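*Asks:* The structure that follows is given in the form of structure tokens.
The values are calculated or read from the model by the stated rules, or taken from the named source; none is laboratory data. Keep in mind that this is a model prediction, so the values were computed, not measured. Every residue, glycine among them, receives a Cβ derived from its backbone with ideal geometry; neighbour counts consider all protein chains shown. We work out accessible area using only protein heavy atoms, side chains counted, and drop any ligands, DNA or RNA first. Shrake-Rupley method; radii C 1.70, N 1.55, O 1.52, S 1.80 Å.
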Amino acid sequence: PGKTIVLTGAMIPLGILLGWSLIAQETPLQESLQTAVAGAVTVVPEGLVLLTGITFAVAATGIARKGALVQQINAIESIASADVVCLDKTGTLTEEGLRVTELIPAEGAQEAELTALLARYAASVSARNATLQAIAGAVEAVDPEAAEEVVPFSSRRRWSGAKLGADRIVLGAPEHFTLGLLEDRSVELAGQGRRVLALARAEQPLVAETPTSPPPNGGQVLGLVVLAERLRPDAAETVAYLREEGVRLIVISGDAPATVSAIARDAGIPEGKVVQGSELPSDSDALTELAREVSVVGRCPPEGKKRLVEALAGDGHYVAMVGDGVNDVPALKASRLAIAQGSGAQMARAVSDVILVKGGFSVVPAMIGQGRKVLRNLQRVAKLFVAKSALAAFLILTIGLSSESYPFIPRQLSLASAFTLGIPAFFLALAPSAGPWRPTNFLRELSSFAVPAGVATGFGVVASYLAALNLLELDQIEARTIATTV
């Protein structure tokens with residue numbers, strides 16, 4: 001009488017404890033308040049909220065050491081949960097420059113002769129371009145020679161040449177030469193997105209009278225030089241890790257589908273359906289069906305990238321998008337996790353959840369490992385805190401609605417929580433962990449542990465508390481001490 005009790009927040013569902021104690025049992029106000037406070041502290045896992053924030057902050061710091069900047073804290077969970085990664089080719093799988101993938105000698109020619117001529121030509125021609133640099137990096141270095149009759153490469157001529165000693169060497173597009181048995185192989189490689197050049201030995205002087213002059217007729221073709229874009233050194237290893245983790249990869253690029261497919265194959269991405277951006281169906285159901293099978297999309301406009309990401313998300317996938325240009329922004333915004341290259345456009349970085357500051361795509365495995373470790377640990381910690389809430393619910397339904405006093409007072413509960421929840425949870429949240437991470441059925445897995453554990457603990461607490469009061473006839477202070485110990 002004359003007292004006003006205000007119940008807010010966590011104490012609202014526990015008002016029944018206070019009201020029952022005050023009205024039905026005529027318990028003193030101070031003890032009733034202690035009962036309500038103890039119940040509130042037990043039911044709400046406020047420590048889990050704090051621990052989650054701390055753990056995510058620690059994870060973000062660890063990812064920053066690996067070379068990625070987390071701009072949104074929920075990206076930690078998204079990194080661990082992503083099961084589809086859509087990525088661009090240029091800047092993600094490849095870097096500037098070309099590489100020699102294959103040397104194919106012509107019939108009657110030896111590979112050693114082909115390699116020797118290429119080495120001499122690459123070392124002696126002073127007009128350097130990406131093709132010559134790739135060839136020079138693929139063959140053994142030799143001393144340069146004095147070059148005569150030099151014809152530099154021109155995109156209109158599509159060939160170059162030089163006379164080195166007694167050899168006139170010509171390197172150019174296969175269309176300029178009679179390839180014979182190599183014709184079909186050249187066409188096949190070009191269809192796969194490779195850059196194919198023919199190396200020949202000419203008998204006539206090397207002269208380019210006009211910008212479109214062809215090479216001398218009657219040259220002897222020695223073989224083919226097959227080039228491709230240069231893969232990032234760690235691209236194949238990164239792709240292999242993601243595949244082991246069950247992450248599906250889809251390459252979306254503005255380049256020709258054949259070229260993109262060849263790079264994806266070199267990186268180890270499983271072959272699937274290869275389509276062009278203009279072939280993406282306008283019907284959403286048909287697009288979803290196509291998204292389940294596609295592995296490469298070439299000549300894809302920005303709107304097509306966005307529609308494909310939305311189709312994957314609508315099909316139940318947790319989609320991450322890796323991009324670096326303005327044309328990637330619509331897809332980045334449509335994805336659950338947006339990852340931008342640190343060297344990309346400012347707009348792409350602004351809308352992204354994570355920025356790859358250094359290391360490029362190779363940082364992604366470390367990010368996924370860190371994110372999954374954090375979520376595995378938080379799942380274990382959550383089981384402890386929710387088990388405590390299940391214990392509180394059990395006590396409310398048993399002791400709280402009976403004529404007995406609550407088995408804990410706040411300071412006892414704080415002591416017990418520190419040793420059974422607070423300190424262990426801190427170490428569990430930051431400790432190393434291994435095993436699969438499944439973002440599905442989280443509540444079911446949590447409840448399957450927490451409810452039985454909380455109820456079992458509740459039975460132990462209630463049994464020991466009532467036994468101490470009624471069988472051992474101890475006073476309430478001693479009975480609560482026994483309940484706290486249990």
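*Asks:* Which residue is surrounded by the most Cβ atoms within 10 Å (Cβ to Cβ), if the candidates are limited to region 388-406 and must be farther than 23 Å from residue 449 by Cβ and not acidic (Asp, Glu)?
*Replies:* Our first condition is that a residue be farther than 23 Å from residue 449 by Cβ; within region 388-406, this holds for 399-406.
Right, trim to not acidic (Asp, Glu) and you get 399-403, 405-406.
Values: 399: 23, 400: 23, 401: 13, 402: 12, 403: 10, 405: 21, 406: 25.
Top of the filtered list is 406.
*Asks:* Within region 121-148, take every residue that is touching a residue at least 60 places away in the same chain (Cβ under 8 Å) and in contact with a Phe, Trp or Tyr (Cβ under 9 Å, 6 or more places away or on another chain) and give me the one that is nearest to residue 100 (Cα to Cα).
*Replies:* 135
*Asks:* Taking residue 407 as meeting all but one of (1) modelled with pLDDT of 85 or more; (2) assigned to a helix (DSSP H, G or I), write down the number of the exception.
*Replies:* (2)
*Asks:* From the list 374, 357, which residue is over 22 Å from residue 83 (Cβ atoms), within 17 Å of the chain's Cα centre (by Cα) and hydrophobic (A, V, I, L, M, F, W, C)?
*Replies:* Values: 374 fails: over 22 Å from residue 83 (Cβ atoms).
After applying the criteria, what remains is 357.
*Asks:* Then there's this: Take residue 293 and decide whether it is in contact with a strand residue (DSSP E or B) (Cβ under 7 Å, 6 or more places away or on another chain) and charged (D, E, K, R). Steps first, please.
*Replies:* Values: in contact with a strand residue (DSSP E or B) (Cβ under 7 Å, 6 or more places away or on another chain): yes; charged (D, E, K, R): yes.
For residue 293, the condition - in contact with a strand residue (DSSP E or B) (Cβ under 7 Å, 6 or more places away or on another chain) and charged (D, E, K, R) - is met.
*Asks:* Let me ask something additional. Which residue pairs have Cβ atoms under 6 Å apart, sit 6 or more places apart or on different chains, and have a first residue in region 257-282 that is under 13 Å from residue 293 (Cα atoms) and a second that is in a helix (DSSP H, G or I) and of a type in the set (Gly, Ala, Ser)?
*Replies:* From residues that are under 13 Å from residue 293 (Cα atoms), the pairs are 274/261; 280/304.
*Asks:* Of all residues in region 415-437, count the ones that are of a type in the set (Gly, Ala, Ser) and in a helix (DSSP H, G or I).
*Replies:* Quick first cut of region 415-437, residues of a type in the set (Gly, Ala, Ser) only: 416-418, 422, 425, 429, 431, 433-435.
Imposing the further condition that a residue be in a helix (DSSP H, G or I) reduces the set to 416-418, 422, 425, 429.
Of the residues in that region, 6 qualify.
*Asks:* Next up: Does region 167-179 contain at least one residue that is open to solvent by 70 Å² or more (accessible area, probe 1.4 Å), out of contact with any strand residue (DSSP E or B) (no Cβ under 8 Å at 6 or more places or on another chain), assigned to a loop (DSSP other than H, G, I, E, B) and of a type outside the set (Asp, Glu)?
*Replies:* No, region 167-179 has no match at all.
*Asks:* How many residues, within region 318-343, are open to solvent by 50 Å² or more (accessible area, probe 1.4 Å) and more than 13 Å from the chain's Cα centre (by Cα)?
*Replies:* Residues of region 318-343 open to solvent by 50 Å² or more (accessible area, probe 1.4 Å): 326-327, 333, 336, 343.
Narrowing further to those that are more than 13 Å from the chain's Cα centre (by Cα): 326-327, 333, 343.
The qualifying residues number 4.
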